[in-house]
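Data block below; observations after.
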Amino acid sequence: MNKKGILVVVSGFSGAGKGTIMKQLLEEYPGRYSLSISATTRSPRNGESHGKEYFFVSREEFEQMIDENALIEYAQYVGNYYGTPKEYVMGQLDEGRDVILEIEIQGALKVKEAYPDTLLLFVSPPNAGELKNRLVNRGTEDMATIDSRLNRAWQEAQGVEQYDYFVVNDNLEECVQQVHSIIQNEHAHVARNHEVIENIRTELRGFVKGD
Ligand code: 5GP
């Protein structure tokens, strides 16, 4: 029996190190996870390329995807659209891979509403000062954008209780292992094993009858 993969949403303040954690997770456990690649209208940062970090599209192209119902969810974040293409995610889940969406909170809650068995993880740096340092040291945004992202982080901090798990990214390797354990343990959740449980019950019933 090919067990369906788990849909996992990872959110976290901008600059929390989500991207690095996900990259490492995929490298350490090849074939087990798939990372969804989002579409966005924001411009590529230095070193980013189309189809790798994001599909970089125009507002018109993005709105066409919305109209065609080609996105699982989408949201606006600091002036740009971001959204998750549906086809790839559904295909990977059917093939038994756990699919990770690295998206912000509005999108996360929309995914949970549409697919209630989604696992929601929130990644945070150990404290807010560290968050600001990471954003500044990354050097990819101007100060006004950093301020908008910090402002957005403050808003997102109000919604953390809606997530299933809160992971602190203090040490990268420990954080990667923690994320991996959370997702793998989730496979053993009773709610995800109804079919196996029912099969065993049916077999047992047979044994009892023949007693
Ligand atoms: P960044 O511009 O730093 O790459 O991403 C900004 C925010 O948008 C991050 O919190 C990121 O997780 C989120 N994001 C990236 N892709 C998507 C998406 O497909 N949908 C939603 N809702 N948020 C996304």
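The values are calculated or read from the model by the stated rules, or taken from the named source; none is laboratory data. Worth saying up front: this structure is predicted, and the values here are computed from it rather than measured. Neighbour counts run over all protein chains shown; Cβ positions are idealised from the backbone, glycine included.
Just a few scattered comments:
- Candidate set: region 106-161, residues that are within 21 Å of I182 (Cα to Cα) and of a type in the set (S, T, N, Q); chosen: the one surrounded by the fewest Cβ atoms within 10 Å (Cβ to Cβ): T118
- Filter result for the condition that a residue is surrounded by fewer than 18 Cβ atoms within 10 Å (Cβ to Cβ) and closer than 22 Å to I182 by Cβ, over E87, E53, E95, E60: E95
- Failed item, numbered, when Y77 is tested on (1) in contact with a strand residue (DSSP E or B) (Cβ under 7 Å, 6 or more places away or on another chain); (2) near the ligand (Cβ under 8 Å from one of its atoms); (3) under 23 Å from Q162 (Cα atoms): (1)
- Restricting V57, V9 to those that are touching a residue at least 60 places away in the same chain (Cβ under 8 Å) and within 12 Å of the ligand (Cβ to nearest atom) reduces the list to V9.
- Test for E73: is it modelled with pLDDT of 95 or more, surrounded by 13 or more Cβ atoms within 10 Å (Cβ to Cβ) and more than 21 Å from the chain's Cα centre (by Cα): no
- On the stretch given as region 143-160, residues that are over 12 Å from V78 (Cβ atoms), over 16 Å from the mean Cα position of the chain (by Cα) and without any contact (Cβ under 8 Å) to a residue 60 or more places away in the chain total 3.
- When region 174-206 is filtered for residues that are loosely packed, with under 14 Cβ neighbours inside 10 Å and touching a helix residue (DSSP H, G or I) at 6+ places or on another chain (Cβ under 9 Å), the ones remaining, listed by number, are V190, I197.
- Any hit, region 83-98, residues being polar (S, T, N, Q), more than 10 Å from the ligand (Cβ to nearest atom), within 26 Å of Q184 (Cβ to Cβ) and touching a residue at least 12 places away in the same chain (Cβ under 8 Å): yes
- In region 162-173, the residues that are part of a loop (DSSP other than H, G, I, E, B) and either within 16 Å of the ligand (Cβ to nearest atom) or loosely packed, with under 12 Cβ neighbours inside 10 Å (or both): Y163, N169, N171
- Matching entry among G107, G129 (being without any contact (Cβ under 8 Å) to a residue 24 or more places away in the chain, among the small types (G, A, S) and outside any loop (DSSP other than H, G, I, E, B)): G129
- Residue check, L120 in contact (Cβ under 8 Å) with a residue 12 or more places away in the chain, more than 8 Å from the ligand (Cβ to nearest atom) and in a helix (DSSP H, G or I): no
- Criterion (over 12 Å from the mean Cα position of the chain (by Cα) and more than 26 Å from T145 (Cα to Cα)) met by exactly one of E95, E130: E95
- Extreme residue, surrounded by the fewest Cβ atoms within 10 Å (Cβ to Cβ), among residues of region 14-48 that are among the hydroxyl-bearing types (S, T, Y) and at pLDDT 95 or above: S43
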